[in-house]
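Structure first, commentary second.
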Amino acid sequence: MVRFSMVASLVLLCGAFGCDKKGDYKPVTEVKKAPALPDHDHGHGEKGPHGGGIVELGDEEYHAEVLVDHDSESVIVYVLGKDAKTAEAVAAADLSVALDGKEPLTLKAAAQTGDAEGKASKFVLVDHDLVHTLMEAGFLHGDLRITIADKPYIGHIDYHLDGSAHDEHGHDEHKDDEKKPE
C-alpha cells in the first residue's frame, strides 16, 4: 500500500509541476547521431586487400598482410598503413618471418608500381618446397620482423590459408592430427 501511495504521489506531483512539458527533451528523430569512431574497422581474422591475413605492427602504426601464393610458389608480405588497407612503401631491403619452431625466412623487397624510389611495400620469398609444405599444413604461425625508419617492429602471424585468422585458444595446430569420423 505504501508503494502505491508513493507512485500516486509522484504522478500527482508531476501533473502539478508540469512534468508533461517538453523541456530539453527531443523526439528521437531530432537527436544527433554520435560521431563515428576513428577508422579502426579491421579486426582479427579480417582478410587484407590481397586476401591474406592481417598482422599488427607496433601500436597499429603499420600492418602487414601475409599471403601464400600457390601459383607463384611464393610467400608474400605486403606492408600496409594504419588502416590495414593502403600500401605503405618502406625503406627496408628485407624482412624476416620466423615460423614457429623454424629458422627465420628472409623475404626480399619487391617494389610495386607507385612505390617511391628505394622503397617497397611488397616483400617476397619464392620457395617451391616451403609453399607446398605450408599449403599442406594449412596455416602460418610465427613472428614477422621488419625495421621501418630505424624502428624495429614485430608482429604475430596467425594466418590460416583458408583466409581466416583464429585466436589462439583451442584450435588444432595440425590438420594431420584431426580425427576423422569412422
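Of all the numbered requirements in (1) modelled with pLDDT of 95 or more; (2) in contact with a Lys or Arg (Cβ under 8 Å, 6 or more places away or on another chain), G58 misses one, and that requirement is (1).
Within segment 127-145, the set of residues being touching an Asp or Glu at 6+ places or on another chain (Cβ under 6 Å), hydrophobic (A, V, I, L, M, F, W, C) and without any contact (Cβ under 8 Å) to a residue 60 or more places away in the chain is empty. The residues in segment 84-121 that are of a type outside the set (G, A, S), surrounded by 14 or more Cβ atoms within 10 Å (Cβ to Cβ) and farther than 29 Å from E136 by Cβ can be counted, and the count is 5.
Restricting attention to segment 82-106 and to residues that are more than 16 Å from P152 (Cα to Cα) and not in a loop (DSSP other than H, G, I, E, B), the residue that is nearest to the chain's Cα centre (by Cα) turns out to be A87. What number of residues within segment 124-135 are in a helix (DSSP H, G or I) and among the acidic types (D, E)? Of the residues in segment 124-135, 1 are in a helix (DSSP H, G or I) and among the acidic types (D, E).
To keep it simple, each residue is scored yes or no on (1) touching a Lys or Arg at 6+ places or on another chain (Cβ under 7 Å); (2) not β-branched (V, I, T).
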{"residue": "I76", "(1), (2)": "yes, no"}
{"residue": "A84", "(1), (2)": "no, yes"}
{"residue": "D94", "(1), (2)": "yes, yes"}
{"residue": "L99", "(1), (2)": "no, yes"}
{"residue": "P104", "(1), (2)": "no, yes"}
{"residue": "A109", "(1), (2)": "no, yes"}
{"residue": "A116", "(1), (2)": "no, yes"}
{"residue": "A120", "(1), (2)": "no, yes"}
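Candidates are the residues of segment 136-172 that are at pLDDT 90 or above and not in a strand (DSSP E or B); the one that is farthest from P49 (Cα to Cα) is D150.
The values are calculated or read from the model by the stated rules, or taken from the named source; none is laboratory data. Since the structure is predicted, the reported quantities are computational estimates derived from the model, not experimental observations. Cβ coordinates were reconstructed from backbone atoms using ideal geometry, including for glycine residues, and neighbour counts include every protein chain displayed.
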